[in-house]
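Worksheet for the structure shown next.
The values are calculated or read from the model by the stated rules, or taken from the named source; none is laboratory data. Computed from a predicted model, the values in this text were never measured in an experiment. For neighbour counting, all protein chains shown are included, and Cβ atoms are generated from backbone atoms with ideal geometry for every residue, glycine included. Each accessible area value is taken on the protein alone, full model and side chains, heavy atoms only, with ligands, DNA and RNA left out. Shrake-Rupley method; radii C 1.70, N 1.55, O 1.52, S 1.80 Å.
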Amino acid sequence: MADNLPSEFEVVVLGTGLPESIVAAACARSGQRVLHVDSRNYYGGNWASFSFSGLLSWIKENQQKTDLGDECEDWKKLILEDEEAIPLSRKDKTIQHVEDFCFGDQDSAEGVEEAGALPKLPVLGASDAKGLSPGSEPECPAAESPCPEPQSREPEQGTEPAGATEGNEAGTTSGSESSPGESTLELGQTEAAPSETPTQEPKKITYSQIVREGRRFNIDLVSKLLFSRGLLIDLLIKSNVSRYAEFKNATRILAFREGKVEQVPCSRADVFNSRQLTMVEKRMLMKFLTFCLDYEQHPEEYQDHESSTFAQFLRTRKLTPSLQHFILHSIAMVSETESRTLEGLQATKKFLQCLGRYGNTPFLFPLYGQGEIPQCFCRLCAVFGGIYCLRHPVRCLVVDKASGRCKAIVDHFGQRISANYFIVEDSYLPESTCTNVSYRQISRAVLITDQSVLNTDPEQQVSILTVPPVELGKPAVCVIELCSSTMTCMKDTYLVHLTCPSTQTAREDLEPVVQKLFNVNAEKETENEELEKPRVLWAVYFNMRDSSGVEKNSYSGLPPNVYVCSGPDSALGNDCAVKQAETIFKEMFPTEEFCPPPPNPEDIIYDEEEIEPEESGLSNSAETKPEPSAEESSGGGAAAVTKEE
């Protein structure tokens, strides 16, 4: 394959995380020739989503401490006398302290195969060792055309859509292949959460069932939601990338207070319908939220408290303790001890401005997981001529000694590929380049449970819960609970993500919260008070590097035309990744528009010598999409992000 790759591009991108994928899409959309490669066998990097078997493979890979030695150094012969090489890291060291546990019925899962999984390929020789891991992407056979797009996730007739494995792209269908029973809702319409027949007690789920239904899981490495008026939603709409994905409203905002989980009223209707608040509290809350919407117009209200924390400011507003808790932890979602008054007011205003655009909460979640979003931008890049190669390690960056600029890369086949600009994910950089960089860490946990933290009717809820610090000096923990209608877990289970900035290992940071919310005891050891809690069937803890906010000059010896993209940050939204991608693009191409809307196919003018659109097959491309049929439009469950009228 490498022999057929072009040797010159305008932009080479290493890594398929969200910021890299956005930059690649923007560059291809502006007419640049883009090569987008990743040494992994799946899209997304630390933004990826995995099936259950894929996640087990990822866990095993990251628990191995062996470092990959350089098998062959023939690439060094390609470096000329007036050049120097910056060797790139071959081992991803961004994940640490990976621990997984099975709490459910541990019946033997040996010999249990994942339903719908591809048959295992024969083991290849060492020289051709390109075998596929479960659910991995097939390697591009040639570079003359873009890498074929990953398959859409489409259900078989009469069956629930099965979550595909890592590397597959977004769940919307294009062309004539529309998913039965799924529909799109225009902007502003509220999605009705599907209801299921309530059962008296949760069904017992065994580990072998989880393994067998592993393809129904799409487990994100990073847990985030999309603010309905955030930068990422705006970019998805502007660039028309939103047509490649479907979204579901987050239906509940929860709070953990006095040892209990309760629902937080957000909208005006929720506030006045709430039975948790007295009439006086309802008036207090509405008055304060109204003030937050235009707090800039009333500086006299907060100027004297700008140096105070937001929690201290709330105490001066004569709010009851329960209202202070709701506002601080469930609406503003800021630190009780570190966030200042202005930061809290800004966060509260952002929350309120996002209400009502797509539903009763400010948040959307992409069906099949957060890992769909990078793939959507990869698809846009491929549509405009970008070339994709997974499982394609790059040995080094080639730097011209005279100018100090990077001239080329050398891949693991020994091919030298030249470009004007290079985008590199932080994890590819060697330790010698990152000696002066101070990284933060994120603590993550993913749980599979048998019921929701707050059982209501309907059961299909997407919930976000902020658990206050367990003790002084600890961070608050963000909990996102996903139901099976998000296509991230099997029926009768819930997928729970816990995230916080690290102070210790992920297990030490998050296990106290898990024990407060869930039952982690073996069934025979369960006490009566634990029976009411959701049972944890399986869990994994890990620490992930947070490289956001690192200035470019912190990296040693980095050429000026090499730009570094960070991994995920600990924030709930995706604004950091979008800002970073736009900043990098504007530095490279200051006169070009960032991710402009794609042209309308009807407005494209073809030269007489070119093939007519019908003959070239453009009618079935990603640029066109037929109107949904009446049968498709009658279903429910997913909302399409469209431009607001």
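Structure values in brief
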| item | result |
| --- | --- |
| Condition broken by His329, with the remaining ones in (1) over 27 Å from Ile22 (Cα atoms); (2) surrounded by fewer than 23 Cβ atoms within 10 Å (Cβ to Cβ) satisfied | (2) |
| Test: residue in region 9-20 that is out of contact with any helix residue (DSSP H, G or I) (no Cβ under 8 Å at 6 or more places or on another chain) and assigned to a loop (DSSP other than H, G, I, E, B) | yes |
| Residue within region 582-592 that is surrounded by 15 or more Cβ atoms within 10 Å (Cβ to Cβ) and either touching a helix residue (DSSP H, G or I) at 6+ places or on another chain (Cβ under 6 Å) or at pLDDT below 60 (or both) present | yes |
| Filter result for the condition that a residue is under 17 Å from Asn249 (Cβ atoms), within 15 Å of the chain's Cα centre (by Cα) and not in a strand (DSSP E or B), over Thr456, Thr488 | Thr488 |
| Any hit, region 347-366, residues being outside any loop (DSSP other than H, G, I, E, B), touching an Asp or Glu at 6+ places or on another chain (Cβ under 6 Å), modelled with pLDDT of 95 or more and open to solvent by less than 10 Å² (accessible area, probe 1.4 Å) | yes |
| Every pair of residues 6+ apart whose Cβ atoms lie under 9 Å, when the first sits in region 391-410 and is in the same structural domain as Thr433 (by the TED database) and hydroxyl-bearing (Ser, Thr, Tyr) while the second is open to solvent by less than 30 Å² (accessible area, probe 1.4 Å) and part of a loop (DSSP other than H, G, I, E, B) | Ser403/Pro559 |
| Tally of residues being open to solvent by 10 Å² or more (accessible area, probe 1.4 Å), touching a Ser or Thr at 6+ places or on another chain (Cβ under 7 Å) and within 25 Å of Val520 (Cα to Cα) across region 432-452 | 1 |
| Any hit, region 424-434, residues being of a type in the set (S, T, N, Q), within 28 Å of the chain's Cα centre (by Cα), in the same structural domain as Ser39 (by the TED database) and assigned to a loop (DSSP other than H, G, I, E, B) | yes |
| Hits in region 304-319 (condition: open to solvent by 80 Å² or more (accessible area, probe 1.4 Å) and either of a type in the set (Ser, Thr, Tyr) or in contact with a Pro (Cβ under 6 Å, 6 or more places away or on another chain) (or both)) | Ser307 |
| Residue in region 268-303 that is most open to solvent (accessible area, probe 1.4 Å), counting only those that are among the hydroxyl-bearing types (Ser, Thr, Tyr) and closer than 22 Å to Arg252 by Cβ | Thr278 |
